[in-house]
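Below: one structure, written as structure tokens.
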Amino acid sequence: RDWSSDVCSSDLAGLRLLEAGFPLPDLLALARDHHAATRDIAQTAVSMFDEHVREPLRGSDLDADARAERLVEAFRVLLPAVTALVAHHFRRTLLQVAQEHLEAVGEPAELAAAGEEAARAFEQGWTR
């Protein structure tokens, strides 16, 4: 995937939220809050990468080109791994909070439908 396809995918997801009735100002406020929290976490992750990957490479006997190549390779491997972990955790947290909310305020038919959808989605591996 390239950067432009990610932007298109994000744009389509935003349009789905708007079509579902979410007010744009509320979505923008949520996006700002998410950005701030995500940026703080990303800064911590970058510091960890620096401490546990970059600094040990800098202290190695490899020449500068080899260190740079290994640094880029580590980033290439670790970025998708971290992205998958974060996405998985957010999805599980969101579903847990939604379930708790429905249990507190939902009607029996809503709870039953949500339970059936959760079971179906779990069987499919939460791909959508």
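The values are calculated or read from the model by the stated rules, or taken from the named source; none is laboratory data. Just so we're clear, the structure is a prediction, and the values are computed from it rather than from any experiment. No Cβ is skipped: glycine too gets one built from the backbone with ideal geometry, and neighbour counts run over all protein chains shown. Please note that ligands, DNA and RNA were not included when accessible areas were found on the heavy atoms of the full protein model with its side chains. Shrake-Rupley method; radii C 1.70, N 1.55, O 1.52, S 1.80 Å.
Brief remarks follow.
- Total formal charge among the other residues, if their Cβ is under 15 angstrom from that of Gln99, Lys/Arg +1 and Asp/Glu -1: -3
- Sites Glu117 and Ala31 - FRET efficiency at Förster radius 25 Å, r taken between beta-carbons, to 0.05: 0.45
- Equivalent ellipsoid semi-axes, the chain, via Cα gyration tensor eigenvalues times 5, rooted, Å: 39, 18, 15
- Two-site label geometry, Gln43 and Arg58: point separation in nm, points 7 Å out along Cα→Cβ: 1.9
- With a cut-off of 14 Å on the backbone N, the residues of the stretch 49-71 near the modelled label site 7 Å out from Val86 along Cα-Cβ are 49.
- Only helices enter this figure: runs of n ≥ 4 DSSP H residues, each worth -39500 (n - 2.57), summed and divided by the residues of the chain, yield -28500 deg cm²/dmol at 222 nm to the nearest 500.
- Carbon-plus-sulfur accessible fraction, the chain (probe radius 1.4 Å, protein heavy atoms only): 62%.
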